[in-house]
Each structure stands twice: as structure tokens, then as C-alpha cells.
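Student: Dumping the structure here so I can ask a few things about it.
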Amino acid sequence: MEWKDVVPVLAGAIIILVVAFVVKPAFLGEQTPSGSEPVVVRNPPVYVPPDPVATPTPYPDDGPVYTRSFRWTAIDGGVQTTVVRIPEALFHEQRETPRLSDYHIWGRYALADADRPILEDLARRIVPPTANPEEGYLRLMNLVFFVQQIPYDTDDNAASYIEGALPPHVMYLKSGVEYPKYPAEMLVDGRGDCEDAAILMGGLLDALGYDTVLLRYSDHMALGIRMNEFNPYYAAYSPSYFEYKGKHYYYVEGTDFEVENVSENTTAVIGRPYPIGNTRDISIPSVRTETPEIIPLRYLPIPKEHYIRPARLPVAGEG
Amino acid sequence: MALPALPGIKIPKIAPDRKKAFLAVGVVIVAMLLLVFGWTLFVSYSEERQVEVFRDHIAASEADLGQVSARIIAHMSTTIDDLSLAECDAYVREFAAIASYGRAVTAYHQQIIAADTVPEAYVGAQAAYLRALDNLNRAFAFWLSAATAYEMRDYAAAEQNLARADEAWRDYITAIGDYEAELRAAEERGEVASPIPGTSPGQGS
């Protein structure tokens, strides 16, 4: 056997290899067994920041305003007064705003950005800032009493609105007429029902930095205020609270301010506000028998699971 | 019928040459050995290369997921107790933007890693990692739906979407666990272990 005989054998072997691993895959569109080539990362996704939220145009200071005077009995028995001015443009804009029947979003009414400066100003006047922490409860109660003493009126009563007629966006639900008012509307109308009082009180307390929630019963709405171990020695009742996300929210009534004559011979009346946590003396049966649904003023979609777990990489060079 | 004789045909004589015969057999054996050895080298190189490419793609995916994770952690650590309504809305918009980013990143790397050809031992790891990316992608899609529901003021729908997102996220965690188990199994299967200097198991982003 000569070398000239060996060459064709080797050439044949090479041809077989080339045909098997290059020509055939090329014709059949198969991947070569040399491994997938790295994909060139040319356009990896990038984070696109969201558009900023549009900020509302402030109402002009010199525009027409509704001026409302309030008079209420404070916790010390003294009578207090204050005046609230609300831009007419704000009031009319809110009157023209459609309402949402889902009570889960009613906290947004309490936190309306346009109402915020009005509520902050009013809250400061009802409870002026003090350096004495002992006065915290008294200040809180003064604000609660202020709201409780705003006259109650149902949503289906035209007298509940300054126009003397139902607003265009009242909702006709199975349970009856419903119209949750913005705090500014409640102040201009000077009256409202339970959810209006809870919304106004929630807005005022939030402006003072208190953590509050709406408490919804089958036929009533009240407010819950977060407190730690509220159990005043002088209370003749066990303060009612409800737990939400590990926090205690004590019941606060926004309406149902009981009024009674001072004596039989006079028309003068005296009010009896409801202190924090007192559900025993509330005349509404559902408050005494039901556990309310807790609705936070602020709702944010926050997932429980959000931790991305780093994965181990394959050891390079193995195969 | 008698066959006519074939006149003049002679069977050629083969002169046996032992040396040439050995040479011929030797050439054939060498050629076969060359083929087998070459093929083995070729396959071995190919598989190493496949694992390297797979590793690079996982590393790229983990690096990008690390970026997503940093944004999520920063977002989730925002104090939300006293946000104004406008700030709440901005918060949710950022949440939606992160969800979109997460979806894009997971879809992108899913496509790349799915196109990888890996050695048979790594097929399970590849499938598990793709499953993890798919679950993460679904979770981000639910985040996006929750943000949209918030914009529509449908908080109940937002909560439902978040619950489904949490479920998908837990599936993602399970799939990552599967991936690591598959990877360990593939590496323990006794394939040649020759780590490149500077790399070590357990590296992640």
C-alpha cells in the first residue's frame, strides 16, 4: 500500500464530516452542533419613567367665595365659632364631578387635593397647635365635636344642598339616593349625612396627621382613628376598636349629635357629643351589632410578593 | 447442456505481502481513531461552548433583573403614610412603569434563552429558568392590570390582580428553585468540571 492509497481514505473521511456537519445542516436549516452562538444584545429593555401627574391649577385668591360661619360646643363646654371661605369655582367644579358608587374609593373625596388647603387651615383654627402633648386628646375631641355638630340631612333631601335641589350627579342606588360630598361641599352646604361627615372628619384629621379609615356598616358610615391602647379611666364604656393590618382603629361617630332641651321652660338646647370609641350609646343598630368593613382613605396597589431572587449561574467550562 | 470451456483465463496470483497488509490495516485503524477522537473533541468543545453561551445569557438576564429588582426595592421602600392624592397617583404610575419594565426584560430574556441549544444535561435547567421568567412576566402583567384598575378606580379589581400576581410570583420562586436543582444535577452528572478562573458557582447578580 502506497501513500497514494492512504490519501483518498483520509479525504473521504473529511468529506463525510463536512457533509454531515456543514452541508446537510445548511441545506436543512438545522443548527450546527457547534452550539448556539451568543445573541448580540443590542437593544435590552430600558426603564421608561411615567409621565408626571398633572397638578391642578390653584383657585385665584381674589375670586368669589362662599363664606360659612360655624358655631359649636367644644369639649370644655365653651362655644366656639369660626368662618370658612371656599372658592365658588371649586364648589361648582366639585358639584359637576360625577360620583362613584363604589364606597371603596370614597377616601379619595376626603383627601381631595383641592380641598386640602381649606381643611388644613380649618383644622388649625379648630385645634391650634400646642406644644403640650397632654392636650392631644382634647384637641382631637374638639375637632370631632365640630363635625358632629354640623346638622345631619339625608342625601335625598333637597334641603341638604344650597341649590335647594338634588345635584346632577346624585346616584340612584338600590339602597336609595347616594351622594358622597367632598369636604368643601359639606362645608358650603352646611349639612350632610353619615358618609359626608366621615369624609369631612377624615379629611380634617388627615390634615392634622392622624391615621384614619372609613368604617362602613350596612346602613351607616363612621370613621376609625388609629390610636394605641386608648382606654380612658373616666369612660363608662369599653372603647370599640377594629383591627386593620395590625393597627387599632377606634370608632368615631361623625353624626348623631344628640340634642335635648336644657329645661322644659326654654327652647335652649344642649348637645351631647359622642366620645371616641363609644358605640354603646349610638342609636344606630348596625353599629352595635355589625363588624364594619374598613376602608383606608389612601388605597395603593401593593403586592405582597416582590423580591426577585438571584439565580446561580451555570459553571462555565462544563459540558 | 455442456458449458464451453473458457480458454486462456487465468486467475491472477496474489503475492501476499505482509508488510503492506499491516500498513493497510494500520491506516484504516488510524483513520477510524482519528475520526472517533476528532468527533469526541468536537462534541466536547460544542457542549462546553453551549454551556458558556447559556451561562452568558443567564448572567445577562440576571443583571437586567437586578436592575428591575433595584427599582422595585426603591419603590417599595417609599413612605406612603401621608401621601397626597396626586402623590398616590404618581406612586401608582411608577408602579405601572416598573411593571412594564419588568415585563419587557423578562420577555426579552425569555426569547434569548429559549433560542439557546444546550447539552442534554442542561435542558431541565433551561426549561426551569424559562418557566421562572414566564411566571415573573405574568406577575408583572398582573401588576400592570392592578395599576390600570387603580386608574379606573376599581380597587376590588386591583386587589384581585395583585392576588394573582402574588400567586405567579410564588410560582416564579418555585421555578427558580427547580432551576437551581436541575443545574446542580447537571453539574453533578459528572461532565468535565473545569471552571474558568474567576468564575465560581453561586455567582449571581
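The values are calculated or read from the model by the stated rules, or taken from the named source; none is laboratory data. None of these values were measured; they are calculated from a predicted model. Note that each Cβ is placed from the backbone with ideal geometry, even for glycine, and that neighbours are counted across all protein chains shown. For the accessible areas, the whole protein counts, side chains as well, though only heavy atoms, and no ligand, DNA or RNA atoms are used. Shrake-Rupley method; radii C 1.70, N 1.55, O 1.52, S 1.80 Å.
Student: Take the residues in region B:67-80 that are more than 7 Å from chain A (Cβ to nearest Cβ) and open to solvent by 20 Å² or more (accessible area, probe 1.4 Å), then tell me which one is farthest from residue B:103 (Cα to Cα). Give the steps one after another, and end with the answer.
Tutor: First pass over region B:67-80, keeping only residues more than 7 Å from chain A (Cβ to nearest Cβ): B:67, B:70, B:73-75, B:77-79.
From the residues that got through so far, the ones that are open to solvent by 20 Å² or more (accessible area, probe 1.4 Å) too are B:67, B:70, B:73-74, B:77-79.
Details: B:67: 13, B:70: 15, B:73: 17, B:74: 18, B:77: 21, B:78: 22, B:79: 25 Å.
Top of the filtered list is B:79.
Student: Yes or no: region B:37-60 includes at least one residue that is open to solvent by 70 Å² or more (accessible area, probe 1.4 Å) and either of a type in the set (Gly, Ala, Ser) or over 30 Å from residue A:9 (Cβ atoms) (or both).
Tutor: Yes, the conditions are met somewhere in region B:37-60.
Student: Separate question: Regarding region A:220-237, can at least one residue be identified that is over 20 Å from residue A:139 (Cα atoms), under 24 Å from the mean Cα position of the chain (by Cα) and either modelled with pLDDT under 85 or not in a loop (DSSP other than H, G, I, E, B) (or both)?
Tutor: Yes: one or more hits.
Student: While we're here: Checking residue B:118 against (1) outside any helix (DSSP H, G or I); (2) open to solvent by less than 10 Å² (accessible area, probe 1.4 Å): exactly one of these is not met. Which one?
Tutor: Checking residue B:118 against (1) outside any helix (DSSP H, G or I); (2) open to solvent by less than 10 Å² (accessible area, probe 1.4 Å), the one that fails is (2).
Student: On to the next question. Name the pairs whose Cβ atoms lie under 7 Å apart, with the first residue in region B:51-64 and more than 7 Å from chain A (Cβ to nearest Cβ), the second small (Gly, Ala, Ser), and 6 or more positions between them or separate chains?
Tutor: Partner pairs satisfying both residue conditions: B:63/B:205.
Student: Condition first: in contact (Cβ under 8 Å) with a residue 12 or more places away in the chain, open to solvent by 70 Å² or more (accessible area, probe 1.4 Å) and of a type outside the set (S, T, N, Q). Can you find one or more residues in region A:170-179 that meet it?
Tutor: no
Student: Which residues, taken from region B:132-182, are touching a His at 6+ places or on another chain (Cβ under 9 Å) and more than 8 Å from chain A (Cβ to nearest Cβ)?
Tutor: Within region B:132-182, just B:133 meets the criteria.
Student: Please go through (1) within 7 Å of chain A (Cβ to nearest Cβ); (2) aliphatic (A, V, I, L, M); (3) assigned to a helix (DSSP H, G or I); (4) under 30 Å from residue A:210 (Cα atoms) for residue B:23 and return the number of the only condition it doesn't satisfy.
Tutor: Of everything listed in (1) within 7 Å of chain A (Cβ to nearest Cβ); (2) aliphatic (A, V, I, L, M); (3) assigned to a helix (DSSP H, G or I); (4) under 30 Å from residue A:210 (Cα atoms), residue B:23 misses just condition (4).
Student: Among the residues that make up region A:173-193, is at least one of them closer than 30 Å to residue B:81 by Cβ and of a type in the set (Lys, Arg)?
Tutor: yes
Student: Count, please, the residues in region A:160-197 that happen to be closer than 21 Å to residue A:86 by Cα and aliphatic (A, V, I, L, M). Walk me through how you get there before you give the answer.
Tutor: The first filter runs over region A:160-197 and keeps only residues closer than 21 Å to residue A:86 by Cα, leaving A:160-169, A:179-193, A:195-197.
So of that shortlist, the ones also aliphatic (A, V, I, L, M) come out as A:162, A:165-166, A:184, A:186-188, A:197.
The number of residues fulfilling the criteria is 8.
Student: Related question: Yes or no: region B:87-98 includes at least one residue that is crowded, with 18+ Cβ neighbours inside 10 Å and more than 7 Å from every other protein chain (Cβ to nearest Cβ).
Tutor: yes
Student: Next up: What tally of residues in region A:277-319 results from selecting those that are within 14 Å of another protein chain (Cβ to nearest Cβ) and within 30 Å of residue B:147 (Cα to Cα)?
Tutor: Selection size over region A:277-319: 19.
Student: Within the set of pairs 6+ apart or on separate chains, which have a first residue in region B:82-94 that is of a type outside the set (A, V, I, L, M), a second that is open to solvent by 30 Å² or more (accessible area, probe 1.4 Å) and assigned to a helix (DSSP H, G or I), and C-beta atoms under 7 Å apart?
Tutor: Listed by first residue and then by second, the contacts come to B:84/A:116.
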